[in-house]
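The values are calculated or read from the model by the stated rules, or taken from the named source; none is laboratory data. Note that this is a predicted model, so its numbers are computed, not measured. Each accessible area value is taken on the protein alone, full model and side chains, heavy atoms only, with ligands, DNA and RNA left out. Shrake-Rupley method; radii C 1.70, N 1.55, O 1.52, S 1.80 Å.
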Amino acid sequence: MDAFIRFTNQTQGRDRLFRATQYSCMLLRYLLEPKADKEKVVMKLKKLESSVSTGRKWFRLGNVVHALQATQQSIHATDPVPRLCLTLASLNRVIYFICDTILFVRSIGLASGINKEKWRTWAARHYYYSVLLSLVRDLYEISLQMEQVAHDRAKREKSPSREPLGYSVADEETEWLQSFLLLLFRSLKKHPPLLLDTVKNICDILNPLDQLGICKSNPGIIGLGGLVSSIAGIITVAYPQMKLKTH
């Protein structure tokens, strides 16, 4: 109970719970819409989704400052690739939150002259850039992990006291894909925060891909992706050691 209270006392924790609720409603609404006798439930889910989405906008009002702080921290990363990717991702996230704040101001009627579609497109575009750059960083980190696992495996196989591995697939040229997937699995298994961050970013990119028309999807896929991403975010907030560190 104490852990739950600490989690909900954090702004990020409350936002993750609201986000999980929002995308759960979207997913359930998509699943129930084809059923003729579920109109009332679908309407309730739609209203709840809209209310939760509005509530989340209040939590995000101060996120420009957090994104600026993340930019300052990423600049000091020792590895140039994560430094470049994370710095650019954070800058794009700053622009995204500015666009999101402007859209929120319009939605509550304080500035009715704002072009909603234009700002929504800009927000989606910069959010897409931010997530894409984060994914590039994840792929770079995965390549480093795979290289390390492959190096350790080669050392073990060369050891005279160790028998050759019976399940080795690297010797077979035709099974290169199986060897690659096995190496990828071992690398991610060895580094859970990297796996969690990669899954989260893959799920996060589905929404802007759909909004920008790059890869059209449906509310069911977006809802499922958002729910998985929200659960990953909840884990990183509840267990900070599961957050991918910047070196």
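Structure data summary
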quantity	calculated
Rounded tilt (10° steps) of 80-107 against the dominant C-alpha axis of the chain	10 degrees
Crossing angle, helix 192-204 versus the chain [Cα axis fit, 0-90 degrees, rounded to tens]	40 degrees
Residue-averaged [θ]222 nm for the chain, counting only DSSP H segments that reach four residues, each worth -39500 (n - 2.57)	-26000 deg cm²/dmol
Residue-level accessible surface for Arg120, protein heavy atoms, 1.4 Å, Å²	100 Å²
Karplus (6.51, -1.76, 1.60) ³J(HN,Hα), θ = phi - 60°, over segment 216-231, in Hz, Gly and Pro reported as x	5, 9, 9, x, x, 5, 5, x, 5, x, x, 5, 4, 4, 5, 5
Rg/Rh ratio calculated on Cα atoms of segment 62-109 (Kirkwood radius)	1.15
Out-of-range pairs (alpha-carbon distance over 21 Å; input Lys155/Lys243; Lys200/Lys243; Lys155/Lys190; Lys57/Lys216; Lys200/Lys245; Lys35/Lys200)	Lys155/Lys243; Lys57/Lys216; Lys35/Lys200
Residue-wise HN-Hα coupling along segment 120-125, computed from phi with Karplus coefficients 6.51, -1.76, 1.60 (Hz; x: Gly, Pro)	5, 5, 4, 4, 5, 5
Area accessible to solvent at Tyr140, 1.4 Å probe radius, in Å²	60 Å²
Matching label, Rg and Dmax of the Cα atoms in Å computed from the structure shown, candidates (1) 16.8, 48; (2) 24.5, 77; (3) 21.5, 75	(3)
In sequence order, calculated HN-Hα J values of segment 19-31 (Karplus, 6.51, -1.76, 1.60; Hz; x Gly/Pro)	5, 4, 5, 4, 6, 5, 4, 4, 5, 5, 4, 5, 6
